[in-house]
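Report on the structure given below.
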Amino acid sequence: MSDFTPRVFSGIQPSGGLTLGNYLGAMKRFVDMQNAGTHETIYCMVDQHAITVWQNPEDLRKNTRELAAGFIASGIDPEKSILFNQSQVAEHAQLGWVFNCVARMGWMKRMTQWKDKAGKNSENASLGLFGYPALMAADILIYHATHVPVGEDQKQHLELTRDIAMKFNNDFGTDFFPITEPVIEGAATRVMSLRDGSKKMSKSDPSDMSRINLTDTADDIAKKIRKAKTDPEPLPDTLDGLADRPEARNLINIYAALNDQSPDAVVAEFAGQQFGAFKPALADLAVAKMSPISGEMARLMQDQAEIDRILKRGADRAREIAAPILEKTYDLVGMVR
């Protein structure tokens, strides 16, 4: 991989309802990678993935702009990183078709997300939903991305990306595509519900108290932390003491991620204290970190023309990288240009 420019790619579906889980599990990590300066960073609103299930067109437009606002409010600098929405760069779909012809049906059928999302209704699921891991591979490899920050639930798809790259390289006797490495790290890569520590924090949960939304006010954030489910036991001396306490462990993880600490350090700081003392500290921290983001998102959404300008500029920059990679791919495959 030494021949490839160190480059990070990642994307989020613009399906609306950004939460603390999106911020800690993705956006904050994206900002850290941008600011580290060790890799080129490319971040994308993957709107073509969003339409694998039906979307209201007006909602999709609004959600795409809101997600862009969330990226920028969280600290993504459109000058330091490339920020755009997927459908603006046709090379994603064009390489996606090539990879549809490289990937195998058996690979797709093994994807756990396909099984989870299609369920017993797979005959009525869209072909796009079945095949979208090949498009995800194209999203990554159209930039020769060497690293992708992913949550545990997307790790299998990145393994498929690696399989597709290796098969393409083998089929055409080349080392053209990098074997992309996953980046899975951080105290809260998987943020759980505030009402049930065994379930992932989700915008689809019927209870708004189960999550912190990126659009919540300071009062909302503090209220939700204060009312988060816990248990009557004090905080232990070590993380091992939280093994069977999922709600407690979730709040410790959230504090650690927001404050750039390890969970071990947080437990050591609050050892022996009840949640009556810990929750106010967490609420103050969450308000301090999150309310400026919600305020900046609201400001950005008042100037949608500016968001569109930023995305257009990002797409132009993305295409400068993607176009020659697609051209070389077509040449390797044998297409006359």
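The values are calculated or read from the model by the stated rules, or taken from the named source; none is laboratory data. Note that the structure is predicted; figures quoted are calculated from it, not measured. Note that we place each Cβ from the backbone using ideal geometry, even for glycine, and neighbour counts take in every protein chain shown.
Yes/no per residue for (1) in the same structural domain as Glu159 (by TED's automatic domain parsing); (2) in contact with a Lys or Arg (Cβ under 6 Å, 6 or more places away or on another chain); (3) farther than 28 Å from Val8 by Cβ; (4) not polar (S, T, N, Q):
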{"position": "Gly197", "(1), (2), (3), (4)": "no, no, yes, yes"}
{"position": "Lys200", "(1), (2), (3), (4)": "no, no, no, yes"}
{"position": "Leu214", "(1), (2), (3), (4)": "no, no, no, yes"}
{"position": "Thr217", "(1), (2), (3), (4)": "no, no, yes, no"}
{"position": "Lys229", "(1), (2), (3), (4)": "no, yes, yes, yes"}
{"position": "Pro234", "(1), (2), (3), (4)": "no, no, yes, yes"}
{"position": "Asp237", "(1), (2), (3), (4)": "no, no, yes, yes"}
{"position": "Tyr255", "(1), (2), (3), (4)": "no, no, no, yes"}
Subset of segment 35-59 (residues that are surrounded by fewer than 17 Cβ atoms within 10 Å (Cβ to Cβ) and either in a helix (DSSP H, G or I) or touching a His at 6+ places or on another chain (Cβ under 9 Å) (or both)): Asn35, Ala36, Pro57, Glu58, Asp59
Could you list all residues from segment 8-19 that are aliphatic (A, V, I, L, M) and either surrounded by fewer than 23 Cβ atoms within 10 Å (Cβ to Cβ) or modelled with pLDDT of 95 or more (or both)? Val8, Ile12
Residue check for Gln94: surrounded by fewer than 19 Cβ atoms within 10 Å (Cβ to Cβ) and more than 27 Å from Phe176 (Cβ to Cβ): no
Going by what's in this entry, would Lys224 be described as surrounded by fewer than 18 Cβ atoms within 10 Å (Cβ to Cβ), modelled with pLDDT of 90 or more and of a type outside the set (Ser, Thr, Tyr)? no
Restricting to segment 111-135, name every residue that is surrounded by fewer than 12 Cβ atoms within 10 Å (Cβ to Cβ) and closer than 25 Å to Thr329 by Cβ. Leu127
In this structure, does Ser122 turn out to be among the small types (Gly, Ala, Ser), in a helix (DSSP H, G or I) and at pLDDT below 95? yes
Select the helices (runs of 4 or more DSSP H) contained entirely in segment 245-318, then report the ones holding at least 2 residues which are touching a residue at least 40 places away in the same chain (Cβ under 8 Å) and not aromatic (Phe, Trp, Tyr). 246-258, 275-301
